[in-house]
1. Can you tell me which residue among A:Gly33, A:Gly26 is within 30 Å of B:Val164 (Cα to Cα) and out of contact with any Gly (no Cβ under 6 Å at 6 or more places or on another chain)?
2. Can you report the number of residues in the range A:152-165 which are surrounded by fewer than 20 Cβ atoms within 10 Å (Cβ to Cβ) and free of Cβ contacts under 8 Å to residues at least 40 places away in the same chain?
3. Here is a check on your reading of the model: is A:Leu166 assigned to a strand (DSSP E or B) and more than 12 Å from every other protein chain (Cβ to nearest Cβ)?
4. Out of curiosity, is B:Leu152 surrounded by 18 or more Cβ atoms within 10 Å (Cβ to Cβ) and assigned by TED's automatic domain parsing to the domain that holds B:Val244?
5. Pairs please, first residue from the range A:218-234 and farther than 22 Å from B:Pro276 by Cβ, second anywhere and hydrophobic (A, V, I, L, M, F, W, C) and part of a strand (DSSP E or B), Cβ atoms under 6 Å, 6+ apart in sequence or on different chains.
6. Among (1) surrounded by fewer than 23 Cβ atoms within 10 Å (Cβ to Cβ); (2) under 12 Å from the mean Cα position of the chain (by Cα), there is one condition A:Pro149 misses while meeting the rest; what is its number?
7. State whether one or more residues within the range B:266-287 are touching a residue at least 40 places away in the same chain (Cβ under 8 Å), among the basic types (Lys, Arg) and farther than 22 Å from A:Ser180 by Cβ.
8. Given the condition free of Cβ contacts under 8 Å to residues at least 24 places away in the same chain, out of contact with any helix residue (DSSP H, G or I) (no Cβ under 7 Å at 6 or more places or on another chain) and either part of a loop (DSSP other than H, G, I, E, B) or closer than 24 Å to B:Val58 by Cα (or both), answer yes or no: does some residue in the range A:186-209 qualify?
Amino acid sequence: MSTPIVELRDLSVSFANRGAGRGQRGRVIAVDGVSLSVERGECIGIVGESGCGKSTLVRTVVGLQKPDSGEVLIDGAPVDGQWDRARRRRIQLVFQDPYSALNPAMKVGDVLGELLAVHRLVPRHSIRERSAELFAAVGLPPHYLDVHPRALSGGQRQRVSIARALALEPEVLLADEVVSALDVSIQADILNVLIRLRRDLGLTVMFISHDLAVVRQLCERVVVMHRGRIVESGSINSVFSDPQDDYTRTLLASIPRVGARGGYT
Amino acid sequence: MLQTPSLATGRWRSDAVPEPPLLSVRDLSVTLPTRQGYMKAVDGVSFDVPSGSAFGLVGESGSGKSILLRSILGLLPDGAKVEGQIYLEEQELSALSPKRRALSRGKGISVIFQDPMTALNPVRRIGTQIAEGPIVHSGVKRSAAHARAIELLTEVGIADAAEVARRYPHELSGGMRQRVLIAMALICDPKIILCDEPTTALDVTLQKKVITLLERLCLDRGVALLFVSHDLALVSELCDFVTVMYAGQLVETGLTRQVIDSPRHVYTWALLRSLPTIDGPKVAPLSIGGPALDRVHAPSGCRFHPRCPIAEEPCTTLPYELSEVGQGHRSACIYGDGTLPVPALGDPGGAVR
């Protein structure tokens, strides 16, 4: 078997609880001994409720958060806090809230241009051309390069965020609840963009969500997290048809279904 | 058009004996000033909510559904112009003075807003905030109102209610705050609660709990719900009636079963197809493409026609009209009379969750 592109070995992360509730000081364990390997080109879904540790896991994978113990391996090599520019390029993150993820004072074309220039990915004179290409990849027309984020809808901003992540030609795209803030009809749009990008670019996608229905659209494999631990993992079909863990069953039962309310004439 | 619950099932039937509606909205239009000019956020909307029913209003961001809800409450921003009538039982709410309108809120008509993080006053204790309603509206003594608040907190599933009542909003989780808002909406025994996407800020497991709670507390004690959401699946689980709104107009309305099983507007069909599937084969969700909604310069004819995959020439010119396509089922689509060429588009039922 080839080396997994991302591997987590017994990863644990905790935070000091500075006492929001009464008499609950101590440490909160956000991620509790998680091991996971992600194969190249795969799309893996990481599912769980708010506070289950999935966002902390994401932050640890990209080096925004130091683990207490355990390690993160990228392409077989341990990271050990050594995030140089070249390594950061390999994993890119798309955030949940398209309204706060973009600098409101910058034209969205400049957001991409800055990245391309800093990382010296294309010669200065072809920055605009490359930006337009990236926009085309996420289904945005080139004239949107010259607008500010406020002129764009939530779905369009999320496309810009994805284009920004793609600018660095990453191998892994980490999508942290990228559709949760969007209308259902716009959700479908963004999901289709991700499906297409995977097919065309062979990206590895780690897709974090609380909604199993959305994960099913995109991923072949799913990991269910609950209270910092992985409680179930397997192919999306087996998890849907034969969930093993009680918590997975709760998650499945919580998805709203069209016409579940019966008894009308 | 009017329905009552059938005694046998407690559910709503299209052939039941009519009775006067609880909430009635007639030709309501709301115009808002924007930087680009005046925008008709709500355009000639009429509907009835029967007492004790759950009435769902579905639309995407910018369709005017939240403005519609706020205009029923009389909580529109300054400069908004409202035409048309709103009746709660016999009383015309839209004719009341702002002061009397304010008194009508909380008692006859109550609301649960979307964001439980901002809907509560951060510097007042939970119990005090819940108890405020009966003190203001019914002159109930502070101690009695407080006792009632704690009782309701228990009812919405908060263990240790007396302790929680002494806390401040920041000490509670999102799910708990949403329960507090439900308790607050219920305390004056309203006849109807307006819900503006009450679960959008919550994850699916909490959403399920909150919806179940709303259903149990409101529908069991005969409180009607006007439930606004972008999620047709969610609305179809909770509501007896579904109304779909697009660009300020109602495009389809009917019993939930009618709208879900045989949508008579292409937009409703597209909304159903955009939902991710969880049963049956995996089907790529439909993107409703086309240009985004321009609310200042609304397109002529059917406002959905620039995004409609099967729009025809008459769609660009024919005036808007919501016409009867079945008993209590109305649609504004030219294909609404049963000839919706769905096979050409794909099947909205079956494969879709």
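The values are calculated or read from the model by the stated rules, or taken from the named source; none is laboratory data. Computed from a predicted structure; not experimentally measured. Glycine gets a Cβ as well: all are built from the backbone with ideal geometry, and neighbour counts include every protein chain shown.
1. None of the other options fit; the residue is A:Gly26.
2. Of the residues in the range A:152-165, 1 are surrounded by fewer than 20 Cβ atoms within 10 Å (Cβ to Cβ) and free of Cβ contacts under 8 Å to residues at least 40 places away in the same chain.
3. So A:Leu166 fails the test.
4. no
5. That search, which allows pairs on different chains as well, returns A:Gly228/A:Ile29; A:Gly228/A:Ala30; A:Gly228/A:Val31; A:Ile230/A:Val34; A:Ile230/A:Val223; A:Val231/A:Val224.
6. Only one criterion is unmet by A:Pro149, namely (2).
7. The answer is no; no qualifying residue exists.
8. yes
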